[in-house]
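Here's the structure we're looking at; comments come further down.
The values are calculated or read from the model by the stated rules, or taken from the named source; none is laboratory data. What you see is a predicted model, and the numbers here were worked out from it, not measured in a lab. Neighbour counts are summed over all protein chains in view; Cβ atoms, including those assigned to glycine, are modelled from backbone coordinates with ideal geometry. Areas reflect the complete protein model, heavy atoms only, side chains present, ligands, DNA and RNA absent. Shrake-Rupley method; radii C 1.70, N 1.55, O 1.52, S 1.80 Å.
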Amino acid sequence: MIDKTVCFTGHRDIPADKAEYVRAELCKEIEAAIADGYEHFISGFAEGVDLMAASIVLDLQEKHPGIRLEAAIPYRKRALALLDNPETAAILGKCHVVGVHSEEFFHGCHMRRNRIMLALSSRVIAVYDGRGKGCTVQTMRFAHIYEKDLREIRI
């Protein structure tokens, strides 16, 4: 599965004036991945980039019925919060796999989830604004260390 899997990383707070650009660039990168034979996409289901990417993958299923979406949720209460929201519950309901990676929240649970996604993927699509700290830059660093195909969308 690793050879045909893409995961996403990116910021939760996409500036409003950049949202359309980010969506268009994510769509291009996802379409390029599909053209390269990728079929499985993993989203961490955080606000911002993760949910935007998940919705794009689901939209593209009409055009590419063989692609699949996996939700990688860091802890149980996040899953419950997603299910309480009709919009995110609908997205979760269309996932082929939903994984909850911890029963409880703990410092570092998001990064643990990201490392699991990296381990399952050969390509990473990152939306990055240049911050020197945070899960996005850490995930990008691990992508380099583990020699993943990193596609970066700069905002």
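So here's what we get for this one:
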| quantity | calculated |
| --- | --- |
| CD proxy at 222 nm, helix term only [per DSSP H run n ≥ 4: -39500 (n - 2.57); per residue of the chain; nearest 500] | -13500 deg cm²/dmol |
| Solvent-accessible area per residue for the chain (1.4 angstrom probe, square angstrom) | 51 Å² |
| Compactness of the stretch 47-94 as Cα Rg over 2.2 N^0.38 Å, two decimals | 1.16 |
| The stretch 24-66, Rg to Rh (Cα coordinates; Rh as Kirkwood inverse mean 1/r) | 0.94 |
| The stretch 107-151: C-alpha gyration tensor shape, a/c 1.5 cut-off, then a/b vs b/c | oblate |
| For LEU82, net neighbour charge (Lys/Arg +1, Asp/Glu -1) across residues whose Cβ lies under 15 Å away | +1 |
| Tail weight of P(r) past 21 Å, computed on alpha-carbon pairs of the stretch 1-137, percent | 37 percent |
| Virtual spin-label span in nm between CYS27 and GLN61, 7 Å along Cα→Cβ | 1.9 nm |
| Accessible area of ILE2 in the full protein assembly, 1.4 Å probe (Å², nearest 10) | 70 Å² |
